[in-house]
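J.: Before I ask anything, let me first share the structure, which is written out below as structure tokens.
The values are calculated or read from the model by the stated rules, or taken from the named source; none is laboratory data. Not measured: the values here are computed from a predicted model. Note that we place each Cβ from the backbone using ideal geometry, even for glycine, and neighbour counts take in every protein chain shown.
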Amino acid sequence: MRLRSRTVRALVLLITLFAVIVSSAPAALATSPAGAATGHSSPGNAALTAALQSRGGTLSPDGRWVAMPSGMQVSVVPMVLADCPSGWLCLWDSASFTGRMLRWSSPGTRDDLSAYGFNDQMTSWANKTNYDARWFYDAGFAGTARCMQPLTSLSNVGTTDNDKASSIAIYTDGAAC
Ligand SMILES: [Ca+2]
């Protein structure tokens, strides 16, 4: 009886410890400065969300997106291809349209990716707009450029171009590149 009671108490202690560890892990990840600096997200990336909100961003009710004043949107949780609707240009930080994602829908857009903790991160993209778009190795729409034709996608940009994108442009027609 005594042994059994001690066993039960030990089990309760173990379960409590496990619960504390599990519940504190995501918070530690979310506030990690290293995570914010590299742009890698975890569910509920609080540091990134706070930074975007300080620049006028609005967190969506479901907590998955921050919409910036320009209308572009930054995911704060991992996304998939289905999270890129028709009419949007989408960039993911991992292959096969996975990981953190940025998306824009306005023709004539020019944007630097460092503004969203996304400099040198892009590995896959989908251009679901009817307009030509480009991504650039450098900020300010400079350096090596790659065309993203309307209604096309690339599940992996390849070794040479991986984690190189620093800025993007969406044109106002399909004749730019
Ligand atoms: Ca990447």
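J.: Being buried (at least 23 other Cβ atoms within 10 Å of the Cβ) and assigned to a strand (DSSP E or B) is the filter; apply it to segment 75-96 and report the residue that is farthest from the chain's Cα centre (by Cα).
T.: The residue in question is Leu89.
J.: Okay, moving on. Out of the residues in segment 57-74 that are of a type in the set (Val, Ile, Thr) and farther than 22 Å from Tyr171 by Cα, state the one that is surrounded by the fewest Cβ atoms within 10 Å (Cβ to Cβ).
T.: Ranking the qualifying residues of segment 57-74, first place goes to Thr58.
J.: Determine if segment 132-139 includes at least one residue that is part of a loop (DSSP other than H, G, I, E, B) and either modelled with pLDDT under 95 or away from the ligand (no atom under 16 Å from the Cβ) (or both). Before you say what the answer is, go through the steps one by one.
T.: Applying the first criterion (part of a loop (DSSP other than H, G, I, E, B)) to segment 132-139 yields 132, 139.
Then keep just the ones that are either modelled with pLDDT under 95 or away from the ligand (no atom under 16 Å from the Cβ) (or both); that gives 132, 139.
Yes, the conditions are met somewhere in segment 132-139.
J.: Name the single residue, out of those in segment 98-123 being away from the ligand (no atom under 12 Å from the Cβ) and on the phi > 0 side of the Ramachandran plot, that is modelled with the lowest pLDDT.
T.: Checked segment 98-123; the qualifying residue modelled with the lowest pLDDT is Gly117.
J.: Evaluate the following for Gly63: is it touching a Phe, Trp or Tyr at 6+ places or on another chain (Cβ under 6 Å), modelled with pLDDT under 95 and not aliphatic (A, V, I, L, M)?
T.: Spelling it out, it is not the case that Gly63 is touching a Phe, Trp or Tyr at 6+ places or on another chain (Cβ under 6 Å), modelled with pLDDT under 95 and not aliphatic (A, V, I, L, M).
J.: Then there is this: Determine the pairs where a residue that is without any contact (Cβ under 8 Å) to a residue 60 or more places away in the chain and in a strand (DSSP E or B), located within segment 97-122, has a partner that is within 16 Å of the ligand (Cβ to nearest atom) and among the small types (Gly, Ala, Ser) with Cβ atoms under 6 Å apart, the partner being 6 or more residues away or on another chain.
T.: Met101/Ser75; Asp112/Ser167
J.: Next question, about the same structure. Answer yes or no: is there a residue in segment 71-84 that is more than 17 Å from Ala133 (Cβ to Cβ), within 13 Å of the ligand (Cβ to nearest atom) and out of contact with any strand residue (DSSP E or B) (no Cβ under 6 Å at 6 or more places or on another chain).
T.: Scanning segment 71-84, I find no residue that is more than 17 Å from Ala133 (Cβ to Cβ), within 13 Å of the ligand (Cβ to nearest atom) and out of contact with any strand residue (DSSP E or B) (no Cβ under 6 Å at 6 or more places or on another chain), so the answer is no.
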